[in-house]
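After the structure tokens below, expect a handful of questions from me.
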Amino acid sequence: KNIPIRAPDINYSDASFTVEDTPNKPLAIRYALGALRNVGSEAMVRLVAERQENGQFSSLGDLAKRLPREGSNKRQLENLAKAGAFDSLHKNRRQVFECLDQLVQQADLFRREAESEQNILFRGENCSVTDPEFRFSAGPDWSNSDRLTREFEALGLYLSAHPLDAYRAQLESLRIVSSQNLEDAVKSANQKPLKLDGQVTGVQERVSARGNRFAFVQFTDKGGMFEVTFFSETLSNARSLLERDVPVLVTVEGRMENDAVRLLAQHVQSLDDAIALKMGSLGIWISDEGCLEELYECLKKDGGGKAQVKLFVQDNRDEIEV
């Protein structure tokens, strides 16, 4: 579920995240803000203390007025925005991310005024200060794939969703092996190739003693993480795909070494291409006609492909192919 992340009232040293069973709601994951990359638990403890003492933050302007010095580093705020920590204050993550310079400047201004004796002399002790207004850039929020990419950058994992969710209906026909079942699949494959789907999360390239390049490539799928070794020729053929932020289908040779699974890459292709070749067509489902112009430009830019593209329009009652 795509759940807005809020600062929890917990000791951040206890755990990175917990599963909560909230009254009258489904199970939810609460992720500790102090566990986000480049954020730090001390800064978030101060932020939570401010919220507990003076109430929930009502807007980004209210946050700027009350933001502790320890939590006002732009890099901290960028990862909080990427993870969705400000969703309850402003839903458009791209706009929040792009206005963080303004937020940092406003927070610094409020702190300097609060610390100045002139604040008391010229305003009076009981003078209230209005929340600042931010100049948001026009345009839509990040696309779903962009949101997930930035969420991964901040968390080191896909939490609210996974890039492969959109392919759920098509994966069964490709006979994909989940990373959760790798050991059993390798033992029963009898050296036959296995197919895995995944999103590249890291590439560690090396040079052998003979001067040949090889790489250890980390992937994530719905089941977790796995690593595949790419030797020189396969690496050269797959390099363009491994450097793009697209889901792939990787065919591997799997074997057990010292009770651990080792995967050697044989072939890599775009998951979209693999599905198109298998299905003979590509379906696109839309529920908002506002995306049609952008969709047309994307298809035009991408050029001709190997499969027919079918467009389906969804409403509350029916699904229409156009």
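The values are calculated or read from the model by the stated rules, or taken from the named source; none is laboratory data. Worth saying up front: this structure is predicted, and the values here are computed from it rather than measured. FYI the Cβ positions are ideal-geometry reconstructions off the backbone, even for glycines, and counts take in every protein chain you see. Heads up: the accessible areas ignore ligands, DNA and RNA and are worked out on the full protein's heavy atoms, side chains in. Shrake-Rupley method; radii C 1.70, N 1.55, O 1.52, S 1.80 Å.
Write out the trypsin sites (Lys or Arg not before Pro) in the range 50-107 meeting two conditions: DSSP loop, and at most 12 other Cβ atoms within 10 Å of their Cβ. Walk me through the intermediate numbers first.
Working: sites: Arg51, Lys65, Arg66, Arg69, Lys74, Arg75, Lys82, Lys91, Arg93, Arg94; in loops: Lys91.
Taking the range 50-107 and a limit of 12 other Cβ atoms within 10 Å, the loop trypsin sites (Lys or Arg not before Pro) found are Lys91.
Give me the percent of accessible area attributable to carbon and sulfur for the chain, probe 1.4 angstrom.
45
Thr201's amide H: which non-local residues (gap 5+, or another chain) put their own amide H closer than 5 Å, with H modeled 1.01 Å from N in plane and none for Pro or chain starts?
Residues meeting the amide H criterion: Gln218, Phe219, Thr220.
Give me, ordered by chain and number, the residues 5 or more places off Arg213 or on other chains with an amide H under 5 Å from its own placed amide H.
Correct list: Ser208.
For the pair Glu115 and Ala161, how long in nm is the line joining their label points, each one 7 Å along Cα→Cβ?
Label at Glu115, label at Ala161, 4.3 nm between them.
Label the range 110-265 by shape, choosing from rounded, prolate and oblate, from the square roots a ≥ b ≥ c of the eigenvalues of the Cα gyration tensor; if a/c is under 1.5 it is rounded, and otherwise prolate applies when a/b is larger than b/c, oblate when it is not. Display every interim value, and only then the final one.
Details: a/c = 3.20, a/b = 2.56, b/c = 1.25.
Prolate is the answer for the range 110-265, as a/c is 1.5 or above and a/b outweighs b/c.
Based on the Cβ-Cβ distance of Ala169 and Asp108, what FRET efficiency does E = 1/(1 + (r/R0)^6) give at R0 = 41 Å, to the nearest 0.05?
0.25
Tabulate in residue order the Karplus-calculated ³J(HN,Hα) for the range 92-101, using 6.51 cos²θ - 1.76 cosθ + 1.60 with θ = phi - 60°, rounded to whole Hz; enter x for Gly and Pro.
7, 5, 4, 5, 4, 4, 7, 9, 5, 4
How would Arg46, Arg30, Arg147 line up by accessible area, probe 1.4 Å, largest first?
On the way: Arg46 105, Arg30 75, Arg147 40 Å².
Largest accessible area first, the list is Arg46, Arg30, Arg147.
Using DSSP to define loop residues, name the trypsin sites (Lys or Arg not before Pro) in the range 178-219 whose beta-carbon has at most 10 other beta-carbon atoms within 10 Å. Can you show the working numbers first?
On the way: sites: Lys187, Lys195, Arg206, Arg210, Arg213; in loops: Arg210.
Counting only loop positions with at most 10 other Cβ atoms within 10 Å, the trypsin sites (Lys or Arg not before Pro) in the range 178-219 are Arg210.
Now a separate question. Local charge sum around Val177 (other residues, Cβ-Cβ under 13 Å, Lys/Arg +1, Asp/Glu -1)?
Its environment carries a net charge of -1.
Oh, and also: Taking amide H positions as placed 1.01 Å from N in the peptide plane, with prolines and chain starts having none, which residues 5 or more places from Val309, or on another chain, fall under 5 Å of its amide H?
Leu282
For a quick check, take a GNM of the chain with Cα springs below 10 Å and name the residue from Tyr296, Tyr158, Tyr31 with the largest mean-square fluctuation.
Tyr296
If you don't mind, there's one more thing I want to ask. Can you give the accessible area per residue of the chain, in Å², using a 1.4 Å probe?
Details: 19930 Å² over 322 residues.
Counting only protein heavy atoms, the per-residue value for the chain is 62 Å².
What is the distance, in nm, between label points placed 7 Å from the Cα along the Cα-to-Cβ direction at Gln204 and at Val19?
Roughly 3.0 nm, to one decimal.
Ignoring the sites themselves, what is the longest stretch of the chain with no GluC sites (Glu not before Pro) in a DSSP loop and at most 14 other beta-carbon atoms within 10 Å?
That would be 1-124.
Another question about this same structure. When semi-axes √(5λ) of the Cα gyration tensor in Å is calculated directly from the model, which label among (1) 44, 26, 19; (2) 36, 26, 19; (3) 52, 19, 16 fits?
It is the value labelled (1).
Enumerate the calculated ³J(HN,Hα) couplings along the range 49-57 in order (Karplus 6.51 cos²θ - 1.76 cosθ + 1.60, θ = phi - 60°), each rounded to whole Hz, writing x wherever the residue is Gly or Pro.
Here the 3J(HN,Hα) series is 4, 5, 5, 5, 6, 10, x, 4, 6 Hz.
How long is the gain from Ser88 to Lys300 if the chain were fully straight, where each residue apart is worth 0.36 nm and the alpha carbon distance is subtracted?
Numbers: separation 212, 0.36 × 212 = 76.32 nm, distance 3.68 nm.
The span from Ser88 to Lys300 would gain 72.6 nm if fully extended.
Quick one: what are the phi-derived ³J(HN,Hα) couplings along the range 202-208, Karplus 6.51/-1.76/1.60 with θ = phi - 60°, whole Hz, x for glycine and proline?
x, 10, 10, 8, 9, 10, 6
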